[in-house]
Amino acid sequence: MRHALEAALQRVAELSGFRAEEDLLKLEHAIVGATRRVGEMPGDVKLATLVAVEDAVAVVRAAFDTVHQAVEVAPAPALAA
């Protein structure tokens, strides 16, 4: 799952151009927030759900970190004259 997510995020970064870092941060926060809301289950399933949610958040964050690093080292696009 992580490698597929990294590939998708890398493509988003390529399409975003100079705004890639900002767009990736917004997307990361939205996904992590939505994933954590899933963990708000009532009753007996709450602990198991929270563990699964935090595992998913770790995978998402690791994928985003990998793509953020790639964006940071990528050469800046040349400005049109």
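The values are calculated or read from the model by the stated rules, or taken from the named source; none is laboratory data. Note that the coordinates shown come from a computational prediction; the quantities given were computed from them, not determined experimentally. Cβ atoms come from the backbone with ideal geometry, glycine included; neighbour counts cover every protein chain shown.
Of all the criteria given as (1) in contact with a helix residue (DSSP H, G or I) (Cβ under 8 Å, 6 or more places away or on another chain); (2) polar (S, T, N, Q); (3) modelled with pLDDT of 80 or more, the one not satisfied by Thr35 is (3).
Just so you know, in region 38-51 the residues that are at pLDDT 75 or above and surrounded by 15 or more Cβ atoms within 10 Å (Cβ to Cβ) include one that is nearest to Glu72 (Cα to Cα), and it is Leu50.
Every condition in (1) surrounded by 15 or more Cβ atoms within 10 Å (Cβ to Cβ); (2) of a type outside the set (D, E, K, R); (3) at pLDDT below 75; (4) out of contact with any Leu (no Cβ under 6 Å at 6 or more places or on another chain) holds for Val60 except the one numbered (3).
Each residue in region 6-31 was checked for being within 12 Å of Val57 (Cα to Cα) and crowded, with 16+ Cβ neighbours inside 10 Å, and 2 of them qualify.
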